[in-house]
Every structure is written in structure tokens, then in C-alpha cells.
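Below is one structure; the comments refer to it alone.
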Amino acid sequence: MKEDKLTNAIIERHKSKASKRENSDEKNTPDSISLEIRPEEHYNHYGTRGIVDLFIREKQEYSGGREGVTDYIIEVKSELRNANEVIRQANKMHDYFYKGSDWAKPFRNYFSLYVELNPSNYSHIKENMHMYQSLSQKGISIFFCDDEGLAARVFPTGDVTIFDFERWSEFHSKEEKIEKVRECVKGGSEEI
């Protein structure tokens, strides 16, 4: 699968989440939410250059004039081969994105590595978990996702927790989601 399909699924997830929060009757929800979406956002900090696969800035406006800003800085991978290279890219993104761009760093910012949900990528992360744990220690989250919107989070312990993008929950049951992830987790031999 191409990374653009994964990126589009991530964008759709953020749009859907923003819309649901904006239209929620819950307490402390924003009156309006706007998203600034920038695929392939460049940065350059004194010669340390890079490109973030996806940058999303969410601006929230609340009654009374209060505002909030949340940034999502995302690296997207459809195929994992070299753990060192993936970790190097993610660390570089984390260390230099704000230093080498015109974006002011908000209080809430989330760095993530989104990886295509498939058996090969799952095995790669499981086999190299001791290396990928360094990302979690820096605050970089790892997620598996597919172009239909299903997602699962990988924790430093190697545990995988399923959660779903908005589109997936509308069309598939909980059992279907679990089965899809189980297919990727060594043919369903591991507990989820």
C-alpha cells in the first residue's frame, strides 16, 4: 500500500474527530475547530534538513475568547525494513522540526510514527521492540493503521491496543476489527 493512502486515512480521522468534538454537547468542548493540514512539511535547522510526512495544526476556539492549539507531527511508513533508519528519521523529526521551521511550538504537540497494519510490519516492530522503545522514551507514539481507518497502538512493552478511526467504527463490528488485527499478529496466534 502506498503511504499516500495511509496519509489520507490519517487526515480523514483528524477531520472526523474535529467535527465530532465541535458538534458535541459535552462540557468543555470548543465552539469551533479549524485544521491546517500540511503533507510533506519541510524543516531546516542549520543544515539539518528533513521532511515531515504530515503536519496537522488544530486550533480550538472556546466561548469567552479562550483559544487552544494542538500540533500533530507524523511520520508515515508503509513498509519497515531497517529499524535504525526509521528510528533515526523519527528522532530527527522530534529533535529538529520546531527548531527548523516557522511553526511556534504549542503546549500540546504529539509526535507519531504511523505504520501500515500488516504481518511483516508487525513482526518487524515486535522483533526490534528493544530499539523502538527509544521512541516511546522521547514521547513518539507508534501506531499501526490501514487505509480504511483501523488503528492499533503499540506500547513499549510490545502490547498492542486496538482503537478505531471514525470511518472504521461505522462499517465494522468490534469482532471484525479484532480479527483484522489478529491476522497481522502472526496469523492470530497471539492474544489481543
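For the criterion of being over 30 Å from Arg21 (Cα atoms), crowded, with 17+ Cβ neighbours inside 10 Å and under 17 Å from the mean Cα position of the chain (by Cα), Tyr114 fails. When the stretch 55-85 is filtered for residues that are among the aliphatic types (A, V, I, L, M) and either free of Cβ contacts under 8 Å to residues at least 12 places away in the same chain or out of contact with any His (no Cβ under 9 Å at 6 or more places or on another chain) (or both), the ones remaining, listed by number, are Val69, Ile74, Val76. If only residues of the stretch 51-100 that are hydrophobic (A, V, I, L, M, F, W, C) and not in a strand (DSSP E or B) are counted, the one that is farthest from Lys15 (Cα to Cα) is Ala83.
Of all residues in the stretch 98-111, those satisfying the criterion of being surrounded by 14 or more Cβ atoms within 10 Å (Cβ to Cβ) and either of a type outside the set (A, V, I, L, M, F, W, C) or farther than 13 Å from Ile56 by Cα (or both) are Tyr98, Gly100, Ser101, Pro106, Asn109.
When the stretch 31-78 is filtered for residues that are out of contact with any helix residue (DSSP H, G or I) (no Cβ under 7 Å at 6 or more places or on another chain) and among the charged types (D, E, K, R), the ones remaining, listed by number, are Asp31, Glu36, Arg38, Glu40, Glu41, Arg49, Arg57, Lys59, Glu61, Arg66, Glu67, Asp71. Checking each residue in the stretch 12-47 for being in a helix (DSSP H, G or I) and under 18 Å from Phe97 (Cβ atoms) picks out only His14. Report yes if Gly187 is assigned to a loop (DSSP other than H, G, I, E, B), modelled with pLDDT under 65, over 30 Å from Asn44 (Cβ atoms) and not basic (Lys, Arg), otherwise no. So Gly187 does not fit the description; no. Scanning the stretch 19-35 for residues that are of a type in the set (D, E, K, R) and loosely packed, with under 12 Cβ neighbours inside 10 Å gives Asp25, Glu26, Lys27, Asp31.
Cβ separations smaller than 9 Å between residues 6+ apart or across chains give the following pairs from the stretch 137-164 residues that are farther than 16 Å from Ile73 by Cα and aliphatic (A, V, I, L, M) to residues that are in a loop (DSSP other than H, G, I, E, B) and modelled with pLDDT of 70 or more: Leu150/Leu117; Ala151/Leu117; Ala152/Leu117.
When Glu67 is tested against (1) surrounded by 13 or more Cβ atoms within 10 Å (Cβ to Cβ); (2) over 19 Å from Val115 (Cα atoms), only condition (1) is not met.
The values are calculated or read from the model by the stated rules, or taken from the named source; none is laboratory data. Computed from a predicted model, the values in this text were never measured in an experiment. Note that we place each Cβ from the backbone using ideal geometry, even for glycine, and neighbour counts take in every protein chain shown.
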